[in-house]
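Reviewing the structure listed below.
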Amino acid sequence: MLRRWLFRLILHGYVLAILAIALSTVLFLPGRATFAKGQWALLYLLIVVLVAGASGTGPAILAAILGFLAWNFFFLPPYHTLEVHDAKDWLSLVVFLAVGIVMGIQTGRMRDREARAVAREQETAVLNRLTAGLVSEASTERMAAGVLGEIVDLLRARSATLFVDVDGNLETFCETPPCDVPQPDVAAAAQWVFDHDAPLAQGDAQSGGRAFLPLRGASGVAGVLSVGARGDGRAFDDDETRLLASLANVIAVFLERQRLQAAASAAEASREADQLKSSLLSSVSHELKTPLAALTATVSNLLESDIPWNEKSVRDELRSIVSDVARLNNSIGALLDLSRLEAHAWEPRREPYELADIVAASLDTLPAHERGRIAVSLPDELPPVDVDFVQWARVMQNLLENAVVYARGVAPIRVGASRSDDGIEMWVEDEGPGIPGDEHEAVFEKFYRGRHTDTRAPSGTGLGLAIAREIVRAHEGRIRIEDVRPHGARFLITLRGTEGDAEETE
């Protein structure tokens, strides 16, 4: 309580000057008969210096004048009058007043310079702290809370409001209690500042006693900063106005960075969309045109009337047509499946199934001459897996087809499974050329074909592994690649076990 009273007293410097001279005079009077009359001037000069250091130049000059009068009235004979009989006393009084005023002015100036230096140091520290914090900040709400809180604390303002341009409309972010929706007159004044790109100073008729500053960025006005009046009713001084302008610039830079990041993200998304579209068109056009061209050629041959056809030749051509139609159907199906998975339109319907039944269903989709290469090793005690049968069969089918394509020749392909701490692990392993470590994640991207892919390998849409990953994710599982020595790749899937399996394990 005493500290608060002293602080308020220092703020009212002229009151402090009056009280300081009055109190010192009361303290000096008992010693008037003991000390020489000229010595009291030195004590009053000390009081003037103290007042100047505490309150500045104006209160110091007032203290010098009051000290001049108090010295004359109480300590120079005749006492209790302003008359001076001794000419030497006149000289002492004039010199005292001059020295007191000069000392007050000089000390006050030093105090003002020190106050400005402290204010600028504080301003620099605030700007550095806010700038460092805003470099990594991505949320406009958190930025507003931090900056407006600093403004309220530093300037002792009643409130601070940030208006941000969102598609041509000012959106409000508030700080200080109460922080409800701004009053209509405040919002209207902020809109005027935004429209005219001009500040409204505190005390203007239109400002309502608040300060409004436009937040200017490279692309125009990004918003408006509004600061309420100080708690003591005093207008903002030059240093505080400069600090407000600096903080407004910091906010404007942040909002401009947000705008540029949004534009860059939009440009990147557009570039990726164009790249994806090009990849899609390239892949789809090849995968659709190739079987269509083969179909057209085969049907055209069958329609040629000058070529004799026997039953065996016709059946061979028809088998070729069926193969091309199946390839075309697989390409279209892969595109549709991936789009449904990404749009969450093909959610898994999970039920417990034996993994052996799923593997058997996926093996039936392979060409008959390739099935002999598949070695399946599943433990008898393996519990059922909680999956969507159709989706999981598609995962195994895609992994097996991938292994068949890249593990060319007669190299075996192994399918296995085992229990794990997380549930069940299953894998498809081949002895092909393998996949470089830097491509272990990339091969699961859409339309990706490895840099080291054998050029003799048949082309595909590049969607099989992407579909497998999306299905595994939908089942809350994880798929990854491990290297096989001396060469080859293992696609390992980790899937959490069913509740019954977990209870059995316990």
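Some values worked out for this structure:
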{"quantity": "Cβ-Cβ under 9 Å pairs, at least 6 apart or on other chains, region 429-443 side without any contact (Cβ under 8 Å) to a residue 24 or more places away in the chain, far side surrounded by 14 or more Cβ atoms within 10 Å (Cβ to Cβ) and among the aromatic types (Phe, Trp, Tyr)", "calculated": "Glu439/Tyr448; Ala442/Tyr448"}
{"quantity": "Leading residue by the ranking (nearest to Glu240 (Cα to Cα)) among those in region 187-201 that are buried (at least 20 other Cβ atoms within 10 Å of the Cβ) and over 29 Å from the mean Cα position of the chain (by Cα)", "calculated": "Leu200"}
{"quantity": "Region 347-399, residues that are without any contact (Cβ under 8 Å) to a residue 60 or more places away in the chain and touching a Lys or Arg at 6+ places or on another chain (Cβ under 6 Å)", "calculated": "Leu363, Ala375"}
{"quantity": "When residues of region 90-116 are limited to those that are polar (S, T, N, Q) and over 15 Å from Gln39 (Cα atoms), the one surrounded by the fewest Cβ atoms within 10 Å (Cβ to Cβ)", "calculated": "Gln106"}
{"quantity": "Checklist (1) touching a Leu at 6+ places or on another chain (Cβ under 6 Å); (2) on the phi > 0 side of the Ramachandran plot applied to Ile21, failing item", "calculated": "(2)"}
{"quantity": "Residues (under 16 Å from Val152 (Cβ atoms), in contact with a Gly (Cβ under 7 Å, 6 or more places away or on another chain) and modelled with pLDDT of 75 or more) located in region 200-250", "calculated": "Arg210, Ala229"}
{"quantity": "Hits in region 472-488 (condition: under 26 Å from Phe389 (Cβ atoms), touching a strand residue (DSSP E or B) at 6+ places or on another chain (Cβ under 7 Å) and either of a type outside the set (D, E, K, R) or not in a loop (DSSP other than H, G, I, E, B) (or both))", "calculated": "Val472, His475, Gly477, Arg478, Ile479, Arg480, Ile481"}
{"quantity": "Members of region 18-42 that are of a type in the set (A, V, I, L, M), closer than 19 Å to Val99 by Cβ and at pLDDT 85 or above", "calculated": "Ala20, Ile21"}
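The values are calculated or read from the model by the stated rules, or taken from the named source; none is laboratory data. All figures in this text were calculated on a predicted structure; none of them were measured in a lab. Methodologically, a virtual Cβ is constructed for each residue, glycine included, from the backbone with ideal geometry; neighbour enumeration extends over all protein chains shown.
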